[in-house]
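Only one structure is covered here, and it is reproduced in the block below.
The values are calculated or read from the model by the stated rules, or taken from the named source; none is laboratory data. These numbers were taken from a predicted model, which means no experiment stands behind them. Cβ coordinates were reconstructed from backbone atoms using ideal geometry, including for glycine residues, and neighbour counts include every protein chain displayed.
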Amino acid sequence: MKLDSKIPNVPIQEAWRTHIDSINLVGPKNRPKYDIIVVGSGLAGASAAASLGAMGYNVKLFCFQDSPRRAHSIAAQGGINASKNYRNDGDSTWRLFYDTQKGGDFRGREANVYRLAETSTQIIDQCVAQGVPFAREYGGNLANRSFGGVLVERTFYARGQTGQQLLLGAYQALEEQVALGKVKQYPRTEMHDIVKIDGRCRGIVVRDLLTGEIKTHSADAVVLATGGYSNVYHRSTNAVNCNVTAAWRAHKQGSLFANPCFVQIHPTCIPVHGDDQSKLTLMSESLRNDGRIWVPRKKGDDRRPRDIPEEERYYYLEERYPSFGNLVPRDVASRAAKKVCDDGYGLGETGFGVYLDFRDAIATHGKEAIEAKYGNLFDMYKDITADDPYETPFKIYPAPHYTMGGLWVDYNLMTNVPGLYAIGEVNFSDHGANRLGASSLMQCLADGYFILPQTIGDYLRDIYQQKIDENHPEFEKHAEAVDAKIDSLMNIKGSRTPLSFQKELGNIMWQHCGMSRNAEDLKKALELIPALRKEFWSELKVAGTKDSFNQSLERAGRVADFLEFAELMCKDALERDESCGCHLREEHIHEDGEAKRDDVKFSHVAAWEWIGENVAHQLHTEKLDHQALKPTTRSYK
Amino acid sequence: MNFTLSIWRQASPEAKGKMVEYKMSNVSEETSLLDMLDMLNEKLTLKDEEPVAFDSDCREGICGSCSLVVDGRAHGPGKLTTSCQVFMRSFTDGQTIHLEPFRSAALPVVKDLVVNRSAFDRVIQSGGYISAHSGPKPEPNSMPIGHDELEESMDAAACIGCGACVAACPNGSAMLFTAAKIGHLGLLPQGQPERASRAKAMVQQMDEEGFGACTNYAECQDACPKGVSIKFIGRMNKDFAKAMLCDELDPRGSMDSN
């Protein structure tokens, strides 16, 4: 299979304009003749559905939550990047492109990344016009702060609730289109399959979560905006219901899955306290602007942190990376935390924690200034841990947070299945092997507000004469298959709950395919996962009935997909025999412990094709083109 | 810690519900209330009993999914918190904890502790937005917004749409929810063109959904996990009154009286 990214053969600075000027568009009179399905209502899905509706298309929006406003984009705290150069500190489109490519360890697609940087400033303009209350300075201008991996201040924020405010902006635009009748929303509805007819994606099969009814919806194009798969680890910073199901089922219908092993482990999360915990809470990266990360120099030092004098504190990031200090990229910060903890310097009973300390920032700027900047994060931490971070340092440890891998898409954001698009976290395209902070909100909104609405016309024009509705026999066939799969989950009637399998899988993944990986562990995981999957299909016990509101059944379906997906993730991690960005293979490190890339063998996107049940995936590669920026060894020292 | 949980069980919107007791033992004080419900559901599943349905997603207090009345208080003990951020250390060992759904005629029970909040979506649809279709927009700094005005707008925008205000209100009023959106958008210069029509439409939709009126109990403000102030209700009433009292003038009409 040849992977055609459809990027025009011009310098990256001209690629997007050249592309848009050369593709087909659908005129305003014809747009109401097309039906588009959007699955997922986070930043990417909501912004795409609102934009497409406003353009005149008929849109159906699906989400499993009770309202589109609850999608997990809402939990993003710190901010959104844009190269406005408001701080006059040398920022530019090129600089944002450079930082993103370097941050992603040169495993992103140059033209996509450049387009993202180019679009970033428009996003801020759009959001402000919608009423997103980004923080302002006293003079009334927009405020900025700094995030990891960069030397400029380009992050826009709304307290610690940036994701919430951006999502509400997109949600409100969406609800306006609902009121105008251009978008119909289907909350509490989960996608179970895509329907392909003559090789094109022509609709989806869904389950109404309230009644259990299986329904089909036809369309001229389907857009997946269903987020990432961090919950393959069970405990992550994702919402408890986030899952890989929509992406995985599209994958099983032919959509390639790219770079599944690229998972971002976020350095600043509240450490695990017990086995029954369902999720991990992130503390925004913005805290690293003013907080200093350290561990005691003496192993097992159980003095209160305040009583440990300066010279006995090991500020390991500041010492190892003098130019970026506490603001190194996430993968570097996470690995450094893992290293000090593995070396025995970790905090508390578990030994899996490091301090993030505001003592010096409070002394310099005053408690009030810190409260204004981070107040809600401090409160949140206090609520969860009963410790007051104004008095004693935060305790943090890395946790799975974001997945750079996802469905393979071309420059139009279409997967290799014609008519099936993937936007936001569910696609693979823009962050390479590691995403910089405050860039996921940027990518979701670039995709949803500006890129997809302009590129989708190119495909739609092409299928103008081929109307299909739900009466086509393929729809019934797919609906029956979905129903049969649900029956098979219900009928196992074994002795283990879906959650117990998710926990066990999560442990396998965290131990064997977590922050650092090696061939031996990955091979072990590739034995453990199929065995666990086998047990799942003989020992699962789902409560309740299939024709009712049944959260046990919802979870069972998601865990079934995670059990298949996890194997591909480990396979990809094994195949990528180099270290790059988040993906650290212990076999490939420099003497100082930093990742050692292999650009000769692995400067490509690994896109996996599903062949069939119990048949090995086939690997396809898309060579990465480094015309504008030659890969160098990433250094943050 | 050990607890007796008394939980509202209702099989479907039409079914009659009742409180049912369950015992939980050896719960760590660091466990969250919802994680404990997960533990209970694991036990119930293994005993072939129907697990307790409840809404939750982010479990960090921002998505607004969780919606429990704990011992008679929306979102339970503690100020400025959601149900998912309640930890067992806030209870006394051995106590009975009562868990019910948010109750209001306009937010009907779907199952057990799950309610239908689609009325909130319809209130937003009626006017809770600034019309600004995607595309190039003016440079934001060409329209400075004072720091304090912006922060006040953000105070209102912080609403997570959970419905605790409705559950806490003796009248089942959604005034705080509606006022928060009207306040957020109405305090910004971008929100001015649609300010009057927004207030009018949203208040009317809120009434149509069957929410009650406000009689200044201020229970909503007390239950609000994001501390949205009832001063925004005053603001909303002012905007609404202005919108209703002023004739809808055709600005291009003639000055002649007829």
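Computed values, structure above
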item	result
Answer residue from region B:1-60, given it is touching an Asp or Glu at 6+ places or on another chain (Cβ under 8 Å) and of a type in the set (D, E) and is surrounded by the most Cβ atoms within 10 Å (Cβ to Cβ) among those	B:D55
Every residue from region B:121-130 that is within 17 Å of A:Y186 (Cβ to Cβ), at the interface with another protein chain (Cβ under 7 Å from one of its Cβ atoms) and not β-branched (V, I, T)	B:D121, B:Q125
B:V70 under 26 Å from the mean Cα position of the chain (by Cα) and either touching a residue at least 60 places away in the same chain (Cβ under 8 Å) or outside the structural domain of B:C159 (by TED's automatic domain parsing) (or both)	yes
Residue match in region B:170-187 (condition: surrounded by fewer than 23 Cβ atoms within 10 Å (Cβ to Cβ), in contact with an Asp or Glu (Cβ under 8 Å, 6 or more places away or on another chain) and touching a residue at least 12 places away in the same chain (Cβ under 8 Å))	yes
Test: residue in region A:495-511 that is farther than 26 Å from A:V263 by Cβ, over 23 Å from the mean Cα position of the chain (by Cα) and not basic (K, R)	yes
Qualifying residue in region A:114-130 (condition: assigned to a loop (DSSP other than H, G, I, E, B), at pLDDT 95 or above and in contact with a Gly (Cβ under 8 Å, 6 or more places away or on another chain))	no
In region A:357-391, the residues that are among the hydrophobic types (A, V, I, L, M, F, W, C) and in a loop (DSSP other than H, G, I, E, B)	A:F358, A:A386
Listing of strands (runs of 3 or more DSSP E) fully contained in region B:2-117 that carry 1 or more residues being within 12 Å of another protein chain (Cβ to nearest Cβ)	B:18-24, B:109-111
Residue match in region B:142-156 (condition: within 7 Å of another protein chain (Cβ to nearest Cβ), in contact (Cβ under 8 Å) with a residue 60 or more places away in the chain, not in a strand (DSSP E or B) and not basic (K, R))	no
Positions within region A:112-154 being of a type in the set (A, V, I, L, M), within 30 Å of A:M414 (Cβ to Cβ) and more than 13 Å from chain B (Cβ to nearest Cβ), in sequence order	A:V113, A:L116, A:A117
Count of residues meeting criterion [assigned to a loop (DSSP other than H, G, I, E, B), surrounded by fewer than 24 Cβ atoms within 10 Å (Cβ to Cβ) and charged (D, E, K, R)] in region A:135-158	2
Residues located in region B:175-216, provided they are over 24 Å from B:N116 (Cβ atoms), assigned to a loop (DSSP other than H, G, I, E, B) and touching a helix residue (DSSP H, G or I) at 6+ places or on another chain (Cβ under 9 Å)	B:L187, B:L188, B:Q192, B:E194, B:N216
Enumerated strands (runs of 3 or more DSSP E) restricted to region A:165-278, each holding at least 1 residues that are in contact (Cβ under 8 Å) with a residue 12 or more places away in the chain and more than 14 Å from every other protein chain (Cβ to nearest Cβ)	A:189-197, A:200-208, A:214-218, A:221-224, A:263-269
Candidates B:G234, B:G227, B:G191 - the one that is surrounded by fewer than 18 Cβ atoms within 10 Å (Cβ to Cβ) and more than 17 Å from the chain's Cα centre (by Cα)	B:G234
Set A:L584, A:L563, A:L619, A:L553: member being within 25 Å of the chain's Cα centre (by Cα), assigned by TED's automatic domain parsing to the domain that holds A:T497, surrounded by fewer than 20 Cβ atoms within 10 Å (Cβ to Cβ) and in contact (Cβ under 8 Å) with a residue 40 or more places away in the chain	A:L619
Criterion: farther than 24 Å from B:S142 by Cα, of a type in the set (A, V, I, L, M, F, W, C) and crowded, with 24+ Cβ neighbours inside 10 Å - qualifying residue of A:V132, A:V128, A:V113	A:V113
Residue within region A:47-69 that is under 19 Å from the mean Cα position of the chain (by Cα), under 23 Å from B:N141 (Cβ atoms) and more than 11 Å from chain B (Cβ to nearest Cβ) present	no
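Let's see how each residue does on (1) touching a Gly at 6+ places or on another chain (Cβ under 7 Å); (2) polar (S, T, N, Q); (3) modelled with pLDDT of 95 or more; (4) not assigned by TED's automatic domain parsing to the domain that holds A:R115:
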| site | (1), (2), (3), (4) |
| --- | --- |
| A:Y355 | no, no, yes, yes |
| A:Y381 | no, no, no, yes |
| A:P389 | no, no, yes, yes |
| A:L420 | no, no, yes, no |
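Here is a yes/no grid of residues against (1) in a helix (DSSP H, G or I); (2) in the same structural domain as A:S500 (by TED's automatic domain parsing); (3) over 30 Å from B:S28 (Cβ atoms):
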residue	(1), (2), (3)
A:L280	no, no, no
A:W294	no, no, no
A:K299	no, no, no
A:E311	yes, no, yes
A:E318	yes, no, yes
A:S323	no, no, yes
A:V332	yes, no, yes
A:A337	yes, no, no
